[in-house]
Structure formats: structure tokens, C-alpha cells
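Take a look at the structure below.
The values are calculated or read from the model by the stated rules, or taken from the named source; none is laboratory data. As the structure is a computational prediction, the values presented were derived from the model and not from experiment. Side chains included, ligands, DNA and RNA excluded: accessible areas come from the protein's heavy atoms. Shrake-Rupley method; radii C 1.70, N 1.55, O 1.52, S 1.80 Å.
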Amino acid sequence: MLELMMSNPNPHPLLGLRATLVLLLGALVGIGAGVLTVLSGGAAASAVLAGGAAFGAGVLFFHAIIA
């Protein structure tokens with residue numbers, strides 16, 4: 001296994017830098033929305049739904065503004 005890794009000195013990354021940044025920021029927005037939903041007294045299921053929706057909206061937003 002180590003020999004295989006050493007034979008390819010420049011492997012291609014799984015995701016590009018931009019895609020990683022967009023998904024990371026989307027995840028942070030989704031987690032924040034979920035935590036705020038729970039702290040406001042919402043149920044766990046509501047927090048998951050709010051977090052998922054915020055993740056999707058965040059990814060679309062950051063995809064549009066990050067060149």
C-alpha cells in the first residue's frame with residue numbers, strides 16, 4: 001500500500017478547494033441553524049429539518065458568491 005502511494009507523487013484531490021469551502025460553510029450554517037432551533041425550544045426533528053434546509057440554502061448561497 002505504501003509503495004502504491006509513493007509511486008504517485010501528485011495524487012488528485014477528491015474535492016477541489018472551492019467545493020470544499022462551499023460545503024464546509026454550508027455545513028456550518030446548517031449546524032448553526034439546528035443548534036439555534038434546539039435552543040429556542042424546538043424538537044430534535046425540527047432542528048434536523050431546519051439544519052438540512054439551511055445547509056441547502058447555504059450551499060446555494062456560497063456557490064453563487066464564491067468565484
Subject >> Helix-only [θ]222 nm of the chain, DSSP H runs n ≥ 4, -39500 (n - 2.57) each, per residue, nearest 500 >> reply: -25500 deg cm²/dmol
Original post:
What angle do you read, to the nearest 10 degrees and between 0 and 90, between the alpha-carbon axis of helix 44-65 and the longest principal axis of the chain?
Top reply: 60 degrees
Original post:
For the chain, which whole-number percentage of the solvent-accessible area (1.4 Å probe, protein heavy atoms only) is attributable to carbon and sulfur atoms?
Top reply: 78 percent
Original post:
Put THR20, THR37 in order of accessible area, largest first, 1.4 Å probe: what do you get?
Top reply: THR20, THR37
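Quote to one decimal, in nm, the extra length available between PHE61 and SER40 on full extension: 0.36 nm per residue of separation minus the C-alpha distance between them.
Result for the pair: 5.1 nm of gain on full extension.
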Original post:
With all protein chains present and a 1.4 Å probe, how do SER40, SER46 order by accessible area, largest first?
Top reply: SER40, SER46
**OP:** Send over the per residue convex hull volume for the chain, Cα only, as a whole number of Å³.
**Re:** 106 Å³
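Rolling a 1.4 angstrom probe over the protein heavy atoms, how many square angstrom per residue are accessible across the chain? Spell out each step's value before the answer.
Working: 5150 Å² over 67 residues.
Value returned for the chain: 77 Å² of accessible area per residue.
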